[in-house]
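Asks: Starting off with a structure, shown below.
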2 protein chains.
Amino acid sequence: MRRIHYLATLATCCALASAAAFANHPPGDAKASVQPASNGIEFPADYRDWRVISVSHRTDHHSMRAILGNDVAIEAARRGETNPWPDGTILGKVVWKEGVEKDWAAAIAPQEFIHAEFMHKDAKRWAATGGWGYARWVGDGLKPYGKDASFAGECVACHTPVKGRDWVYTTPAVMPTNPAH
Amino acid sequence: MRRIHYLATLATCCALASAAAFANHPPGDAKASVQPASNGIEFPADYRDWRVISVSHRTDHHSMRAILGNDVAIEAARRGETNPWPDGTILGKVVWKEGVEKDWAAAIAPQEFIHAEFMHKDAKRWAATGGWGYARWVGDGLKPYGKDASFAGECVACHTPVKGRDWVYTTPAVMPTNPAH
């Protein structure tokens, strides 16, 4: 009885914690309306709650990016174990058009959302595309990119220059927390 | 007895959750060695775990930024209630030198860490500086910026053009999670 009571209490605590984490964006709602990519990868409804790995800027088409990681990615980045990234890693890139900050002419800041794209590391499942499964959702409507699963060929082609870095352009940015670190 | 058992179980569960959240960067360690700003603001040891609000780029001195928020800030941003931001908001800006991405010539990415700076909203405590307390820590050694508390005058001067936006340059970037959003 005591054991059952303990488990029931633990379950309640965890349920409350989950409810708090998703209070502003129920994942069920998002899953119901955002279509998966044509290779079966689901849209990660909680990506806004992931932590930042770096930022980048494409000067050729004037877009700005935040690079986020799921928990597996963040832990790997903090351990410096990113070549290869561990299975279970998901890296997300959120891409916006750039625009001049209206009150500071020498600054640029995000304007319209262009797309969010994700790389899922699973060396076996995605062996045909370098160990990574790719997916992208375009525009405010989050429309899956690509007519069929062959779209990943475009991703692999662009990532081939960094094959030696486990196909990933992003180097985790330095974020010190302790001078002794 | 059942009540005591419940509380003990809850405390254990919450302690485990806290331990997991800080496993890679014990806040106690960081607090012990990073000096507070001269106005008394403590270095937020867990800022790497905050969520992203936006990114920006300063073309005048070639630096790139991630703008992060504590939980109060993120909730306010998602509700669209940022003028004014609520008391308890902390906005963090992590600033790096820019450099060309070695495998993609038309991209720039963070290089050396320059500084991390924070704005704490408390309309009463920081009434003399527009309701915000400012703090900055410089370089990998996280040295507090400014010889004394008067450094905040520099912050206020630069932020005066956005007084009408509650002294904040950053507009939360669009991060859709649901087409119906």
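Asks: So if I check each of B:Gly146, B:Gly92, which one is small (Gly, Ala, Ser), under 20 Å from B:Ile41 (Cα atoms) and modelled with pLDDT under 95?
Replies: Answer to the check: B:Gly146.
Asks: Mind listing whichever residues of segment B:143-165 are under 24 Å from A:Ala107 (Cβ atoms), in contact (Cβ under 8 Å) with a residue 60 or more places away in the chain and within 16 Å of the chain's Cα centre (by Cα)?
Replies: The one that is under 24 Å from A:Ala107 (Cβ atoms), in contact (Cβ under 8 Å) with a residue 60 or more places away in the chain and within 16 Å of the chain's Cα centre (by Cα): B:Tyr145.
Asks: Here's something else I'd like to know. Yes or no: A:Glu112 over 18 Å from the mean Cα position of the chain (by Cα), assigned to a strand (DSSP E or B) and within 14 Å of chain B (Cβ to nearest Cβ)?
Replies: Yes: the conditions hold for A:Glu112.
Asks: Kindly indicate whether A:Glu154 is surrounded by fewer than 18 Cβ atoms within 10 Å (Cβ to Cβ) and in a strand (DSSP E or B).
Replies: Here the answer is no, as A:Glu154 does not meet what is asked.
Asks: Looking at A:Asp122 and the list (1) within 14 Å of another protein chain (Cβ to nearest Cβ); (2) touching a Gly at 6+ places or on another chain (Cβ under 9 Å), which single condition is not satisfied?
Replies: Going through (1) within 14 Å of another protein chain (Cβ to nearest Cβ); (2) touching a Gly at 6+ places or on another chain (Cβ under 9 Å) one by one, A:Asp122 breaks only (1).
Asks: Any residue in segment B:36-53 that is at pLDDT 95 or above, crowded, with 20+ Cβ neighbours inside 10 Å and over 24 Å from B:Thr82 (Cα atoms)?
Replies: Checking segment B:36-53: at least one residue is at pLDDT 95 or above, crowded, with 20+ Cβ neighbours inside 10 Å and over 24 Å from B:Thr82 (Cα atoms).
Asks: Sticking with this one: Please pick out the residue among A:Lys124, A:Lys147, A:Lys97 that is in contact with a His (Cβ under 7 Å, 6 or more places away or on another chain) and loosely packed, with under 15 Cβ neighbours inside 10 Å.
Replies: After ruling out the rest, the residue left standing is A:Lys97.
Asks: Can you name the number of the only condition in (1) in contact (Cβ under 8 Å) with a residue 40 or more places away in the chain; (2) out of contact with any Asp or Glu (no Cβ under 6 Å at 6 or more places or on another chain); (3) surrounded by 22 or more Cβ atoms within 10 Å (Cβ to Cβ) that A:Met64 fails?
Replies: Of (1) in contact (Cβ under 8 Å) with a residue 40 or more places away in the chain; (2) out of contact with any Asp or Glu (no Cβ under 6 Å at 6 or more places or on another chain); (3) surrounded by 22 or more Cβ atoms within 10 Å (Cβ to Cβ), only one is false for A:Met64: (2).
Asks: Against the conditions (1) modelled with pLDDT of 95 or more; (2) buried (at least 22 other Cβ atoms within 10 Å of the Cβ), where does B:Ala30 fall short? Just the number, please.
Replies: Single failed check for B:Ala30: (1).
Asks: Moving on. Of all the residues that make up segment A:70-109, how many are touching a residue at least 40 places away in the same chain (Cβ under 8 Å) and in contact with a helix residue (DSSP H, G or I) (Cβ under 7 Å, 6 or more places away or on another chain)?
Replies: The qualifying residues number 6.
Asks: Among the residues of segment B:45-67, how many are out of contact with any Ser or Thr (no Cβ under 9 Å at 6 or more places or on another chain), within 9 Å of chain A (Cβ to nearest Cβ) and of a type outside the set (Asp, Glu)?
Replies: 6
Asks: Mind checking which residues of segment B:100-120 are more than 26 Å from A:Asn178 (Cβ to Cβ) and surrounded by 14 or more Cβ atoms within 10 Å (Cβ to Cβ)?
Replies: If the condition is that a residue be more than 26 Å from A:Asn178 (Cβ to Cβ) and surrounded by 14 or more Cβ atoms within 10 Å (Cβ to Cβ), then B:Glu101, B:Asp103, B:Trp104, B:Ala107, B:Ile108 are the ones that fit.
Asks: Can you tell me which residue in segment B:128-142 is farthest from A:Asn178 (Cα to Cα), limited to those that are of a type outside the set (Phe, Trp, Tyr) and within 17 Å of the chain's Cα centre (by Cα)?
Replies: Restricting to residues being of a type outside the set (Phe, Trp, Tyr) and within 17 Å of the chain's Cα centre (by Cα), the top hit is B:Gly131.
Asks: In segment A:55-109, what count of residues is obtained for those that are more than 18 Å from B:Pro110 (Cβ to Cβ), part of a strand (DSSP E or B) and in contact with a Gly (Cβ under 9 Å, 6 or more places away or on another chain)?
Replies: Adding up the residues that qualify gives 1.
Asks: For B:Asp71, are the conditions met, namely being surrounded by fewer than 22 Cβ atoms within 10 Å (Cβ to Cβ) and within 9 Å of another protein chain (Cβ to nearest Cβ)?
Replies: no
The values are calculated or read from the model by the stated rules, or taken from the named source; none is laboratory data. Source: prediction; values computed, not measured. Cβ coordinates were reconstructed from backbone atoms using ideal geometry, including for glycine residues, and neighbour counts include every protein chain displayed.
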